[in-house]
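Only one structure is covered here, and it is reproduced in the block below.
The values are calculated or read from the model by the stated rules, or taken from the named source; none is laboratory data. What you are looking at is a predicted structure, and each value in this text was computed from that prediction instead of being measured. Cβ placement follows ideal geometry from the backbone for every residue including glycine, while neighbour counts extend to all protein chains displayed.
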Amino acid sequence: MEQKIKNYVGWAVIFALIVVSVSIWMYVGSYGKQIDPASMRTFSVSADGKVVSIPDVATFTFSVITEGGKNLGDLQKQNVEKVNEAIAFVKDKGVVEKDIKTEQYSVEPRYQYANCGLYGGSTCPPPQIVGYTVRQSVLVKVRDFEKAGDIISGVVEKGANSVSQLQFTIDDPTKILAEARKQAIEKAKEKAEQIADAAGFSVGKLISIDEGGYYPAPMYRNAKVSNEVYGMGGADLAAAPSIEPGSQEVTTSVTLRYEIK
């Protein structure tokens, strides 16, 4: 009886060892599949792609700033009338409604402070509101550069007393960025072959690709037109400013990681 028990125990131990061995073998196999052996033998290359393009959109901001006394309703009415007149002019020049956007509208009180000196103490009266300043700013996007100068000078004639932030951009840089990306990848591939040839190995399969691209930054121009006499209407311009968009660079960078063969 004892011998049979010993035999059962022995077979049980053997069976347990087999189960453990199979489990370890399966775990190692599964783990090995999760890890690409080539990841221990890879190299990476980086390259840039650059495409020069001409901007197709000009944007600028015009503001109507109305300053006056305490009759806030009258000030707001004056401000709105001038802004609406300027917007109507912009639309008459062919700018569609979607390219006109109100960016800011604010009403700020103006205070008068008593001259109490350094030691006025509690006898110094609080500041008094003597009037208000109403400001409204509108962003305009112009797609026809031949009209841009006339539009900028025209909004001032219609009542805007500040025009600023003239900039040039590419409205849809997707295609240009794709061209720059293709250029960067081709350069990276060529660079990888050169490195492999110099180091004495072959380029294997592509493991990964990362892009660190960016869209072109807006180009600003010093075409600021302003009339600092707030609330006194627009300025009379002798001629429309000249608008020259120049060119813009669209750049992107890529990093390719290859297997070493």
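So here's what we get for this one:
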| read-out | value |
| --- | --- |
| Any hit, the stretch 179-193, residues being on the phi > 0 side of the Ramachandran plot and modelled with pLDDT of 90 or more | no |
| Within the stretch 90-110, considering residues that are in a strand (DSSP E or B) and hydrophobic (A, V, I, L, M, F, W, C), the one farthest from VAL140 (Cα to Cα) | VAL107 |
| Long-range neighbours under 7 Å by Cβ, at least six apart or interchain, first residue touching a residue at least 40 places away in the same chain (Cβ under 8 Å) and among the small types (Gly, Ala, Ser) within the stretch 161-172, second part of a loop (DSSP other than H, G, I, E, B) and surrounded by fewer than 17 Cβ atoms within 10 Å (Cβ to Cβ) | SER164/LYS224 |
| Selection status of ASN115, without any contact (Cβ under 8 Å) to a residue 24 or more places away in the chain and assigned to a loop (DSSP other than H, G, I, E, B) | yes |
| Extreme residue, surrounded by the most Cβ atoms within 10 Å (Cβ to Cβ), among residues of the stretch 48-89 that are over 29 Å from the mean Cα position of the chain (by Cα) and in a strand (DSSP E or B) | THR66 |
| Of the criteria (1) touching a strand residue (DSSP E or B) at 6+ places or on another chain (Cβ under 6 Å); (2) more than 24 Å from ALA86 (Cβ to Cβ); (3) not in a helix (DSSP H, G or I), which one ASP172 fails | (1) |
| Scan of the stretch 81-119 for residues that are hydrophobic (A, V, I, L, M, F, W, C) and within 23 Å of ALA148 (Cα to Cα), ordered by number | VAL83, ALA86, ILE87, ALA88, PHE89, VAL90, VAL95, VAL96, ILE100 |
